[in-house]
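See below for the structure under consideration.
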Amino acid sequence: MRAAYIEQLGTPDVIRYGDLPEPASGPTDVLVRVAVTTVNPVDTFVRSGAYRTPVRFPFVIGRDLAGTVTAAGPGAAGFEIGDRVWCNSLGHAGRQGAAAELAVVPVDRLYRLPAGVSESDAVAVAHPAATAYLALFTHGRVRAGETVVVVGAGGNVGGAVVVLAADAGARVVAVASARDAGYCHDLGAAEVVDYRAPDLADRLRRASPDGVDAYVDTAGRNDLATAVDLLADRGRVVVLAGADTRPVLPVGDLYRKDCAVVGFVISQATTAELAAAARTINRLLAAGRLRPRTTDTLPLADAAEAHRRLEAGALHGRRVVLRVADS
C-alpha cells in the first residue's frame, strides 16, 4: 500500500511517500480504506519528537482519517464492510497513523460518518472540534446559560469552540480580528471583541457584566492575569496552547473566587471522552452547523509539503486535506 511515513524523527524532510506492507488487524480492530487524511499541529510535534510518544518505524504519520470499512474483526461489532467512517486518534501512543491507503483502527476509536457529510469536511473538522468539545465540557464544565470567552475565535479550534458553546446554550464572547467579526457572529457568538483593541480587558468586562464562567484561550496567549480577573465566582480558565508561554498567575484572585485553571491535550483523552465528542460532532456535521472554513486539498504524496506549510505558518487558518485515493 502507499503511505506517508517516517523512519526517524526530524524535520518534514524525513517524511517519505512510498510502499509499505498492508497492516494486519486484530479481533477488535477495523480495517479502513482511507479516502482522506489531514495535518494537525500535533502531527508535526510527533514527527519532530517535540511530543514524545511511542513510535515504531517505519511509522505512518497522521491522526485523522475518513474512509470506508473493508474488514472488521469478530470483536468489532457495529461496523460492516462498506460503512463510511472517521477517526481522529491514530498516530500516537504506539498506534500507526492515518496517512496510508489502509489503516487499522481500534473499534472504540472509530465513528460512523453521517449521511450526506463529505469525507473531506469530516476529516477537516474532526480534530479541532474534538479539541473544542474537550475544552468546553470535559475540562471546562460549561453549562447552558453560562458566559464563555473564546480567544482566537476566528481559528479552526476557536471557531469550533464558538459553535459548540452556542449549541450548548452558552453566551459566547469571541475574541478575534475585526475582519473575523461577521464570521464569529455567524458561528453563534453574541459579541465579538477585536483582540488588537488597546482596552481589550475593559471591553471583555463590559461584554461580561456578571463575569466569565469559562475562558478558553485557543490562541495560546495565556494572559492569566486578565483571564482570572474576568472570571466569575467558580469560573474556569482552560489552557490548551502556547506551550512556551510563562504567564503570571494571580493566585490570590484565583482562590478567593474559588476559580480554577486547567490544561489538557487531546492526546490524553480517553476513548470514552473522544466518543462523547464524536456524538456531538456527528450531530452538528449532519445539521450543517459544523464545517471547515477553508481547505486546501493536496495528494498524499505532498504530505511533507503540508507539514512544511503548517510549520511555516503559511496556512493562515486553512485546513489541509490530503487525498489518499488516487494520490
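Points worth noting:
- Thr28 among the hydroxyl-bearing types (Ser, Thr, Tyr), in contact (Cβ under 8 Å) with a residue 40 or more places away in the chain and open to solvent by less than 20 Å² (accessible area, probe 1.4 Å): no
- Qualifying residue in region 229-237 (condition: in a helix (DSSP H, G or I) and under 19 Å from Thr147 (Cα atoms)): yes
- Top-ranked residue of region 121-153 - restricted to ones that are of a type in the set (D, E, K, R) and under 30 Å from Arg203 (Cα atoms), ranked as least open to solvent (accessible area, probe 1.4 Å): Glu146
- Filtered residues of region 173-203 (kept if in contact (Cβ under 8 Å) with a residue 24 or more places away in the chain, of a type in the set (A, V, I, L, M, F, W, C) and closer than 25 Å to His316 by Cβ): Val173, Ala174, Val175, Ala176, Cys184, Leu187, Ala189, Val192, Leu200
- Within region 25-55, tally of residues that are part of a loop (DSSP other than H, G, I, E, B), on the phi < 0 side of the Ramachandran plot and either touching a strand residue (DSSP E or B) at 6+ places or on another chain (Cβ under 9 Å) or not basic (Lys, Arg) (or both): 11
- Some residue of region 106-116 being without any contact (Cβ under 8 Å) to a residue 24 or more places away in the chain and hydroxyl-bearing (Ser, Thr, Tyr): no
- Here Ala243 meets each of (1) within 25 Å of the chain's Cα centre (by Cα); (2) open to solvent by 40 Å² or more (accessible area, probe 1.4 Å); (3) at pLDDT 95 or above with one exception, condition (3).
- Residues (surrounded by 18 or more Cβ atoms within 10 Å (Cβ to Cβ), touching a strand residue (DSSP E or B) at 6+ places or on another chain (Cβ under 6 Å) and either at pLDDT below 95 or in a helix (DSSP H, G or I) (or both)) located in region 167-195: Ala181, Cys184
- Residue check for Thr68: assigned to a strand (DSSP E or B), open to solvent by 40 Å² or more (accessible area, probe 1.4 Å), touching a Gly at 6+ places or on another chain (Cβ under 9 Å) and not hydrophobic (A, V, I, L, M, F, W, C): yes
- Region 236-279, residues that are at positive phi and not charged (D, E, K, R): Gly242
- Once region 11-24 is narrowed to residues that are open to solvent by 50 Å² or more (accessible area, probe 1.4 Å) and part of a loop (DSSP other than H, G, I, E, B), the residue that is farthest from Ala314 (Cα to Cα) is Ala24.
- Only residues that are assigned to a loop (DSSP other than H, G, I, E, B) and hydrophobic (A, V, I, L, M, F, W, C) were counted across region 100-110, and they come to 1.
- Counted residues, region 209-240 - those being among the basic types (Lys, Arg) and either touching a helix residue (DSSP H, G or I) at 6+ places or on another chain (Cβ under 8 Å) or modelled with pLDDT of 95 or more (or both): 2
- Residue within region 301-309 that is surrounded by fewer than 15 Cβ atoms within 10 Å (Cβ to Cβ) and acidic (Asp, Glu) present: no
- As for region 111-120, it holds no residue that is in a helix (DSSP H, G or I) and open to solvent by less than 20 Å² (accessible area, probe 1.4 Å).
- Any hit, region 190-197, residues being under 19 Å from Arg234 (Cα atoms), out of contact with any Asp or Glu (no Cβ under 6 Å at 6 or more places or on another chain) and among the aromatic types (Phe, Trp, Tyr): no
- Top-ranked residue of region 84-108 - restricted to ones that are touching a helix residue (DSSP H, G or I) at 6+ places or on another chain (Cβ under 6 Å) and not hydrophobic (A, V, I, L, M, F, W, C), ranked as surrounded by the most Cβ atoms within 10 Å (Cβ to Cβ): Asn88
The values are calculated or read from the model by the stated rules, or taken from the named source; none is laboratory data. Given the structure is predicted, the values throughout are model-derived calculations rather than measurements. No Cβ is skipped: glycine too gets one built from the backbone with ideal geometry, and neighbour counts run over all protein chains shown. Surface accessibility is based on the protein's heavy atoms, side chains included, excluding ligands, DNA and RNA. Shrake-Rupley method; radii C 1.70, N 1.55, O 1.52, S 1.80 Å.
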